[in-house]
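Inspection log for the structure reproduced underneath, given as structure tokens.
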Amino acid sequence: MKLPAFDYAAPATMAEAIELLERHGGDARPLAGGQSLMPVLAFRLAQPSMLVDIGRIPGLDSIEIGEDGVRLGARVRWCDILEHPSLRSVHPLLVEAIGHVAHYPIRNRGTVGGSLAHADPAAEMPGIAFTCEATMVIAGRAGTRMVAARDFFTGPLETVIGPAELLVEVRLPPWPAARRWGFEEFARQRGAFALAAVAAFYDERDGVAIGVHLGVIGATGVVQRLPGAEAALEGRPVDAPGIAAAVAAARAEVDPPEDAEASSAYRRSLVGTMVERALAAATAR
Amino acid sequence: MSNPPPRTVRFTVNGKPAAVEVEPRLTLADCLRHALRLTGTHVGCEHGVCGACTVIVDGRAMRSCLMLAVQAEGCTVETIEGLGTGLDEGGAEALGPLQAAFRRHHALQCGFCTPGMLMTAHALLSREPDADADRVREALSGNLCRCTGYIGIVEAVLDARPAYQAGAPGGQPATGGIDRTG
Ligand SMILES: Cc1cc2nc3c(=O)[nH]c(=O)nc-3n(C[C@H](O)[C@H](O)[C@H](O)COP(=O)(O)OP(=O)(O)OC[C@H]3O[C@@H](n4cnc5c(N)ncnc54)[C@H](O)[C@@H]3O)c2cc1C
Ligand code: FES
Ligand code: FES
């Protein structure tokens, strides 16, 4: 379908962009890569009066790697992450997960900030930000504020970003080089949204798993961790019985919705399988 | 709301400067097809899933249905019309190496998906001339073909690699501009 009518501006500064958003109340929408917003407009699920293209604002597209972790500017594209010379060794989980995002041409435009703001529970970046306990930097008229991932996502396709605010950066905490990790995804087609994906990581001390993080993407209506499965594995060796305990706990604690893609029971089973594969991959790394 | 006034957008298409008057809501795909009459770029789903509309913007494959024409301001756009290598001695349009490989491998039937397939593959091989079969399949995973079954398409792309390894075949040289500002 053709897009509804809207006005368009491509401001050259952050202050101008925020001013424009403010002036239009809730009726203006930021435009980043457009890889989610354009389909939303084509289906007329939204009819904003104005699109504020953030594509010409300087300073939003850097990838910074430091002692305090990885900082991704809101306008960093999927292709920038995948082609970065050192990110794969600095934060392997991030790069592995982003390799599952959409298709080649879409990865050339889609951005980190757009994905986090869109907050699709089946999208990889929100899942990684949530599982890794990232911090979002949000800019508004009064300056910037920091929001922890657990407070940032308020529901499917919902975040705490206000109508006159912009997400400017996401900060992922430092990633120890020896950390064990796995990312497993099941989708019907390469590049399609996940029916279920699991991000797993832990540190190993004296043969047992410490700080177990298990995040599930796509299978349930929200981005979520698996606290039961994490507890089942915490302080234990990641061997066959440990993995089996985590899988059983994961299947027991998720409550996937039933939809046209899959039944609830199928998705629950799939979550367990993804946990099993992600942990098996982690032990081998 | 009443339609916001059109504005002029300027970009380069297949080496030629273009200036077009567009409504902000016009997609790049519709701008190419309707305003510039470059109808080789096909429009299937209009929401990013089929890949028929894929063009190359600033050297990278992109969905022209998921991009506004106004966002192309100052960009370099390449479409299927620029993929040939000009006219041969007989005055017929000469096929570029990727197009010739598609013909050799029967990589098209109805041809609806073909412009998107070719532009995606052209962008890929221009950046990664040594792409292997797995990489080619991965890059083409967002381009749907309802006719061929893909095997010929992947073979054709792999077969075109030597031409790119020898130095990326470009589009046509610039001749004259297109002005559609009215
Ligand atoms: C066919 C197809 C398959 C896809 N498959 C996947 C997939 O498997 N996994 C996946 O994760 N994604 C997938 N995507 C979505 C893609 O990754 C998008 O690029 C991404 O979700 C949104 O990024 P964007 O830059 O394109 O944002 P846009 O579409 O420009 O914006 C999305 C939303 O965020 C808002 N916004 C954008 N930037 C900001 C900002 N800085 N501050 C505040 N608000 C902002 C916009 O107003 C809009 O509401 C797919 C898309 C398509 C078309
Ligand atoms: S028409 Fe653009 S992807 Fe289908
Ligand atoms: S040749 Fe018919 S859709 Fe591909």
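Close amide-amide hydrogen proximity is noted between A:Phe6 and B:Arg25, each under 5 Å apart and 5 or more residues distant or on a separate chain (H modeled in the peptide plane; Pro and chain starts excluded). Calculated translational diffusion coefficient of chain B (25 °C, 0.890 mPa s; Stokes-Einstein with Kirkwood radius over alpha-carbon pairs) equals 147 µm²/s.
Please report the relative contact order for chain B, taking Cα pairs under 8 Å with a sequence separation of at least 6, and give it as a percent rounded to a whole number. The value is 28 percent.
Electrostatic bookkeeping for B:Ala133 treats Lys and Arg as +1 and Asp and Glu as -1; over the other residues with beta carbon under 15 Å from its beta carbon, the sum is -3.
Multiplying each eigenvalue of the alpha-carbon gyration tensor of chain A by 5 and taking the square root yields semi-axes of 34, 21, 16 Å, largest first, rounded to whole angstroms. Shown are B:His122, B:His47, whose ranking by accessible area with a 1.4 Å probe and every protein chain present, most to least, is B:His47, B:His122.
A dipole drawn for the protein assembly as shown from +1 and -1 charges on Cβ atoms has a positive end, and of B:Thr76, B:Pro6, A:Val95 the residue lying farthest that way is B:Pro6. Interface residues of segment B:118-142, defined as those with an accessible-area decrease of at least 50 Å² between the chain by itself and the complete set of protein chains (probe 1.4 Å), are B:Glu138, B:Ser141.
P(r) for segment A:149-285, from all Cα pairs and a bin width of 5 Å, is 2, 10, 19, 20, 18, 15, 10, 5, 1, 0, 0 %, short bins first. The charge dipole of segment B:97-165, taken about its Cα centre with unit charges on the Cβ atoms of Lys, Arg (+1), Asp and Glu (-1) only, comes to about 240 debye. In segment A:137-192, the portion of solvent-accessible area held by carbon and sulfur atoms comes to 52 percent [1.4 Å probe, whole percent, DNA, RNA and ligands not counted]. Across the options A:Gly242, A:Ala231, A:Thr273, the greatest Cα extent toward the positive end of the charge dipole of segment A:228-280 (unit charges at beta carbon of Lys, Arg, Asp, Glu) belongs to A:Gly242. Placing +1 on the Cβ of every Lys and Arg and -1 on the Cβ of every Asp and Glu, with nothing else charged, gives segment B:1-145 a dipole about its Cα centre of roughly 240 debye. Think of each Lys and Arg Cβ as +1 and each Asp and Glu Cβ as -1; about the Cα centre, that makes the dipole of segment A:180-284 roughly 180 debye. Sequentially through segment A:240-254, phi angles give Karplus couplings (6.51, -1.76, 1.60; θ = phi - 60°) of 4, x, x, 5, 4, 5, 5, 4, 4, 5, 5, 5, 6, 9, 8 Hz, Gly and Pro residues having no value and appearing as x.
Size descriptor for segment B:97-165, Kirkwood hydrodynamic radius: 11.5 Å (Cα pairs only, one decimal). The Cβ shell under 13 Å around A:Glu204 holds other residues with a net charge of +1, Lys and Arg each +1, Asp and Glu each -1. In the calculated pair distance distribution of segment A:7-53, what percentage of Cα-Cα distances lie above 12 Å? Above the 12 Å cut-off, segment A:7-53 has 59 percent of its Cα pairs.
Using C-alpha pairs below 8 Å separated by at least 6 residues, the relative contact order for segment B:97-165 is 52 percent. Only helical runs count toward this figure. For chain B, summing -39,500 (n - 2.57) over DSSP H runs of n ≥ 4 and dividing by all residues gives -6500 deg cm²/dmol at 222 nm.
Once the partner protein chains are put back, segment A:85-117 shows a loss of at least 50 square angstrom of accessible area, versus the chain by itself, at A:His103, A:Tyr104, A:Pro105, A:Asn108, A:Arg109 (probe 1.4 Å, ligands and nucleic acids excluded).
As a size descriptor, the averaged projected area of the C-alpha convex hull of segment B:1-72 was calculated at 4.9 nm². Structural descriptor for chain A: relative contact order 15 percent, calculated from alpha carbon pairs under 8 angstrom and at least 6 residues apart. Put simply, chains A and B cover up around 3000 Å² of each other's accessible surface, both sides summed, when a 1.4 Å probe is used.
Other residues with beta-carbon under 14 Å from the beta-carbon of B:Cys145 carry, at +1 per Lys or Arg and -1 per Asp or Glu, a net charge of +1.
For A:Ala192, no residue has an amide H sitting under 5 Å from its own, ignoring neighbours fewer than 5 places away on the same chain, with H placed 1.01 Å from N. Calculated mean residue ellipticity, 222 nm, chain A: -9000 deg cm²/dmol, from DSSP H runs (n ≥ 4) at -39500 (n - 2.57) each, averaged per residue and rounded to 500.
The values are calculated or read from the model by the stated rules, or taken from the named source; none is laboratory data. None of these values were measured; they are calculated from a predicted model. Note that each Cβ is placed from the backbone with ideal geometry, even for glycine, and that neighbours are counted across all protein chains shown. Note: areas computed on protein heavy atoms with side chains; ligands, DNA, RNA excluded. Shrake-Rupley method; radii C 1.70, N 1.55, O 1.52, S 1.80 Å.
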